[in-house]
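Report on the structure given below.
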Amino acid sequence: IYAVVSSIWVLASDPLLAYFLDDAETLSKLQTIADGFYILATAALLFWLIRRQIISANEKENYDRTLFQMSPVGLALCQMNGELVDVNKAFAQILGRSVEETLQLSYWDITPKEYAENEQHQLHELKKTGRYGPYEKEYIHKSGRRIPVQLSGTLLERGGERFIWSSVEDITERKEAENNLQVTK
């Protein structure tokens, strides 16, 4: 659209002015004014379009951030070495911590040592397929007790760096119900 409008302006504005004006000096001044107007109009349009794009991107980012924070499912983003980059409140609550406290930990701080071999298998699957899980394990709660969880995740790339995006569900109630069924049998 811009190319068409620009072409029409360039091809039509000078001949149109020349059609209405006989005085060469006045014609030259008006052509300069018309060209300046075109430059200002184009700059204003480009400014408006860029501003609209930035606002739209910010609105989407705010929307995505709100969804992340309000999700009832635990969500975590971590680096490939296990350093937590971002977590939502639901994830932190599973661990009995605040978001700020949780971000001071690494994935390995909240995972019992006996899961190390299985974790390496999940990491291998993630690197191979771009996904892992769902699978069950336990996290270490702030109180020291173990919390059964179900995890699944995917590999993300941002700015050339790889991250692990995980969803984590506290399955304590389900595990207790399963144990109660076993006891009653």
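The values are calculated or read from the model by the stated rules, or taken from the named source; none is laboratory data. Computed from a predicted structure; not experimentally measured. Don't worry about glycine lacking a Cβ; one is built from the backbone with ideal geometry, like all the others, and counts go over all protein chains shown. Quick note on the areas: whole protein, heavy atoms, side chains included, nothing else; ligands and nucleic acids left out. Shrake-Rupley method; radii C 1.70, N 1.55, O 1.52, S 1.80 Å.
State yes or no: is residue 128 without any contact (Cβ under 8 Å) to a residue 12 or more places away in the chain, under 20 Å from residue 162 (Cβ atoms), open to solvent by 30 Å² or more (accessible area, probe 1.4 Å) and basic (Lys, Arg)? It is true that residue 128 is without any contact (Cβ under 8 Å) to a residue 12 or more places away in the chain, under 20 Å from residue 162 (Cβ atoms), open to solvent by 30 Å² or more (accessible area, probe 1.4 Å) and basic (Lys, Arg). Screening region 79-111 for residues that are among the polar types (S, T, N, Q) and open to solvent by less than 50 Å² (accessible area, probe 1.4 Å) and picking the one that is farthest from residue 165 (Cα to Cα) gives 98.
Determine whether residue 134 is part of a strand (DSSP E or B) and either of a type in the set (Val, Ile, Thr) or out of contact with any His (no Cβ under 8 Å at 6 or more places or on another chain) (or both).
yes
Within region 131-145, the set of residues being among the hydroxyl-bearing types (Ser, Thr, Tyr) and either surrounded by fewer than 13 Cβ atoms within 10 Å (Cβ to Cβ) or modelled with pLDDT under 95 (or both) comprises 132, 135, 143. The set of residues in region 162-185 that are open to solvent by 80 Å² or more (accessible area, probe 1.4 Å) and more than 19 Å from residue 68 (Cα to Cα) comprises 162, 173, 174, 176, 179, 180, 181, 182, 183, 184, 185. Considering 116, 92, the condition of being in contact with a Ser or Thr (Cβ under 6 Å, 6 or more places away or on another chain) and not β-branched (Val, Ile, Thr) is satisfied by 92 alone.
Considering region 43-73, the residues that are outside any helix (DSSP H, G or I) and open to solvent by less than 100 Å² (accessible area, probe 1.4 Å) include one that is nearest to residue 167 (Cα to Cα), namely 73.
Of all the numbered requirements in (1) of a type outside the set (Asp, Glu); (2) in a strand (DSSP E or B); (3) open to solvent by 70 Å² or more (accessible area, probe 1.4 Å); (4) modelled with pLDDT of 95 or more, residue 76 misses one, and that requirement is (3). Among the residues of region 146-185, which ones are at pLDDT 95 or above and among the acidic types (Asp, Glu)? Selection gives 169, 170.
Just checking, which of 86, 64 is of a type in the set (D, E, K, R) and either more than 19 Å from residue 151 (Cα to Cα) or in contact with an Asp or Glu (Cβ under 6 Å, 6 or more places away or on another chain) (or both)?
64
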